[in-house]
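Scroll down for the structure; my scribbles are underneath it.
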Amino acid sequence: MDIEGKIPRALEALGPLAGRTVAVLDVPGTSWLDRLRAGGAEPIVVAPPPDGGSLRIDVADGSLDVVTTLWTGFRGVEPAEIAEVDRVLRPGGRLLVVHDYGRDDVSALRDPDAPEYRAWSRRDGPFLRDGGFRIRVLHCFWTFSTMEEAHEALVLFGERGATVSDRLKRPRLSWNVAVYHRWQGGVDPAATPETS
């Protein structure tokens, strides 16, 4: 639903992705891979670990420029997962983790106690406190052609959708998306003095 293209533009700005070797974890369909290829990236797909399993990216140490995941990977900050990503990233490589941020209309459609809407985005939350991540919040929208189309779509979300629908003043919902981003090793290479 990112009609405005803000998410791919943010990933490109933070990665960048074009012309780079990118591992995509938990891809929710092929359209994202096609979009990456069209942008000049060389994506490889990594299957998510089974429940309770550990992340394993089957590539050589230091062979990737970017590792990214969209909504389903990195459901918090697990030291073993961070270590695996650090292993496969080249020096200066980036980990980009996309999740909903909350504080918007779309979050009212889901579980208000979901960790992405509470703990994750807080300064003392796992991403920003211990994970070495920074955050970029994208202010996106779910935009519909008419109010009627918006109401029809929101009905699919049951009682929560009806509540959001009743509050609508125009045919769009605010949708804040967080891109948690981290350099390989948790340190920005531009901030580290070079040794000779």
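Taking each residue of region 126-138 that is farther than 13 Å from residue 179 by Cα and looking for partners that are surrounded by 17 or more Cβ atoms within 10 Å (Cβ to Cβ) and among the β-branched types (Val, Ile, Thr) with beta-carbon atoms closer than 7 Å, six or more apart or interchain, yields 126/77; 130/77; 131/77; 131/82.
Here is a yes/no grid of residues against (1) in contact with a Gly (Cβ under 6 Å, 6 or more places away or on another chain); (2) surrounded by fewer than 20 Cβ atoms within 10 Å (Cβ to Cβ); (3) hydrophobic (A, V, I, L, M, F, W, C); (4) under 22 Å from residue 178 (Cβ atoms):
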| position | (1), (2), (3), (4) |
| --- | --- |
| 56 | no, yes, no, no |
| 86 | yes, yes, no, yes |
| 94 | yes, no, no, yes |
| 99 | no, no, no, yes |
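Could you please give the count of residues in region 145-194 that are under 30 Å from residue 85 (Cα atoms), hydrophobic (A, V, I, L, M, F, W, C) and either in contact (Cβ under 8 Å) with a residue 24 or more places away in the chain or in contact with a helix residue (DSSP H, G or I) (Cβ under 8 Å, 6 or more places away or on another chain) (or both)? Total satisfying the criteria: 6. The set of residues in region 139-159 being under 26 Å from residue 180 (Cβ atoms) and assigned to a helix (DSSP H, G or I) is empty. Taking the listed residues 161, 186, the one that is modelled with pLDDT under 95 and not aliphatic (A, V, I, L, M) is 186, with no other qualifying. Of all the criteria given as (1) assigned to a helix (DSSP H, G or I); (2) buried (at least 21 other Cβ atoms within 10 Å of the Cβ); (3) of a type in the set (A, V, I, L, M, F, W, C); (4) touching a Gly at 6+ places or on another chain (Cβ under 7 Å), the one not satisfied by residue 127 is (4).
So residue 14 passes all but one of these: (1) within 18 Å of residue 131 (Cβ to Cβ); (2) free of Cβ contacts under 8 Å to residues at least 60 places away in the same chain. Which condition number does it fail? The number of the failed condition is (2). Name every residue in region 86-107 that is touching a Phe, Trp or Tyr at 6+ places or on another chain (Cβ under 9 Å) and in a helix (DSSP H, G or I), in order of residue number. 106, 107 - these are the residues of region 86-107 that are touching a Phe, Trp or Tyr at 6+ places or on another chain (Cβ under 9 Å) and in a helix (DSSP H, G or I). Pairing residues of region 79-90 that are within 16 Å of residue 63 (Cα to Cα) with residues that are of a type in the set (A, V, I, L, M, F, W, C) and buried (at least 22 other Cβ atoms within 10 Å of the Cβ), at Cβ distances under 6 Å and at least 6 apart in sequence or on separate chains, gives 85/67; 85/95; 88/64; 89/64.
The values are calculated or read from the model by the stated rules, or taken from the named source; none is laboratory data. These figures come from a predicted structure and were not determined experimentally. Every residue, glycine as well, gets a Cβ built from its backbone with ideal geometry; the counts of neighbours run over all protein chains shown.
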